[in-house]
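Participant: First, the structure itself, so that you have it in front of you.
Read the figures in this text as sums done on the coordinates, not as results from a lab. For clarity, every value in this text was computed on a predicted model and none was experimentally measured. Ideal geometry is used to build each Cβ from the backbone, glycine not excepted, and the neighbour counts take in all protein chains shown.
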Amino acid sequence: MKPSTLRYLSIINGALLGIGLAAPCMTVRPNFGNFSGIVGILQPSFTNTTTVSVLSGIGSLAGEGKYFIAFVIFLFSIAFPITKLTVVWMIASDLSPRGSALAARLERLGKYSMIDVFVMALLVLAIKGLPGGSSIELEWGLICFGAAALLTMELARRVSHH
């Protein structure tokens, strides 16, 4: 793959990543079955439909004092993919003398950049298992984010074999 193609795909990937981080990833619609009316009276906020993005989810976790999990998701959802994209860009632009070695290492670590997709999958399973018919809908931001994560892994693979 030509360096200009790698740079072009890196730009597309960066846009997908940015959109995927900020766009809605899932919408949670709580339902308490026969108790929905009572819950709505006693604690109306519990019945609100909530739409979250990766960024808003990290912010919510930090706001609730869950700093460790917020940091881990930040690290693997934001910092790591941006670092991989930067290295791919540097290699494609011949700005890094150790480019291929860095790309090979990043390719091996690439599976960890999908940790947040795994976390979201666990949330979906947890919410689907709740009594009362609560539901969760995956939103288009998750598609953009997943596409960016997969494209990042593929670009790192291509660069390491370049």
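Participant: How much length is gained on full extension from GLN43 to SER93, taking 0.36 nm per residue of separation minus their Cα-Cα distance?
Facilitator: Numbers: separation 50, 0.36 × 50 = 18.00 nm, distance 5.55 nm.
So the extension gain works out to 12.5 nm.
Participant: Using r as the Cβ-Cβ distance of ALA147 and PHE35, and R0 as 41 Å, what FRET efficiency do you calculate, to the nearest 0.05? Display every interim value, and only then the final one.
Facilitator: Numbers: r = 39 Å, r/R0 = 0.96.
Result of the calculation: an efficiency of 0.55.
Participant: How far apart, in nanometres, would the label points at ILE12 and LYS66 be if each is projected 7 angstrom from Cα along the Cα-to-Cβ direction?
Facilitator: Result: 3.5 nm between the two label points.
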